[in-house]
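What follows is a short report on a single structure.
The values are calculated or read from the model by the stated rules, or taken from the named source; none is laboratory data. Bear in mind the structure is a predicted one, so any value in this text is a computation, not a measurement. Counting neighbours? That spans all protein chains shown, and the Cβs are built from the backbone with ideal geometry, glycine included.
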């Protein structure tokens, strides 16, 4: 009688443990770039972040479409780029995030600069179609070496020293839900 009871208890414990392993964990924080974040119905990935050099021909192309009031880079500031990839694995369209914020360790916050329609690398948000991506396949942003859509920030050089910088992505579906990633500088 003891043996069947022991076997039954062992079987129940194994079943309970197996059920725990079947849960899919949602990832809402990346300790480094490249981690897929599960926000709403979409997956977000920072392909790379880096300071841009406006005298470099490649980097200069990322600065196309700046509003005249934003185009000038004051002394002591840097252009900081985040190249984002957003993936929809679902069979229906879902809205992509439009609310991004960088926060440094001193709790200083930075928001991206809006880029004009002639910037082919700019992140635009909007709906991501079924089984689709941002940047769209065959677009300049997708075909480039980075393969991400551009979020452009102006950040004082001194704030780049307050690391790690953290990117927050606000969910367009669920108010108050955010995903974060520590940026590699």
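Filter the range 16-47 down to the residues that are over 13 Å from residue 182 (Cα atoms), out of contact with any strand residue (DSSP E or B) (no Cβ under 6 Å at 6 or more places or on another chain) and surrounded by 10 or more Cβ atoms within 10 Å (Cβ to Cβ), then identify the one that is modelled with the lowest pLDDT.
Out of the qualifying residues, it is 40.
Does residue 77 satisfy being in contact with a helix residue (DSSP H, G or I) (Cβ under 7 Å, 6 or more places away or on another chain), farther than 15 Å from residue 151 by Cα and at pLDDT 95 or above?
When the stated conditions are applied, residue 77 passes them.
Would you check if residue 96 is on the phi < 0 side of the Ramachandran plot, out of contact with any helix residue (DSSP H, G or I) (no Cβ under 9 Å at 6 or more places or on another chain) and without any contact (Cβ under 8 Å) to a residue 24 or more places away in the chain?
no
Does residue 68 qualify as being free of Cβ contacts under 8 Å to residues at least 60 places away in the same chain and under 17 Å from residue 172 (Cβ atoms)?
No: the conditions fail for residue 68.
Consider only pairs whose beta carbons are under 7 Å apart and that are at least six residues apart or on different chains; among these, list those whose first residue lies in the range 157-173 and is at pLDDT 95 or above and whose second residue is in a strand (DSSP E or B) and exposed (fewer than 15 other Cβ atoms within 10 Å of the Cβ).
170/99
Quick check on residue 154: is it touching a residue at least 40 places away in the same chain (Cβ under 8 Å) and either farther than 30 Å from residue 40 by Cα or assigned to a loop (DSSP other than H, G, I, E, B) (or both)?
Judged against the criteria, residue 154 is not a match.
Counting just the residues of the range 106-119 that are touching a residue at least 40 places away in the same chain (Cβ under 8 Å) and out of contact with any strand residue (DSSP E or B) (no Cβ under 8 Å at 6 or more places or on another chain), which one comes out nearest to residue 178 (Cα to Cα)?
It comes out as 108.
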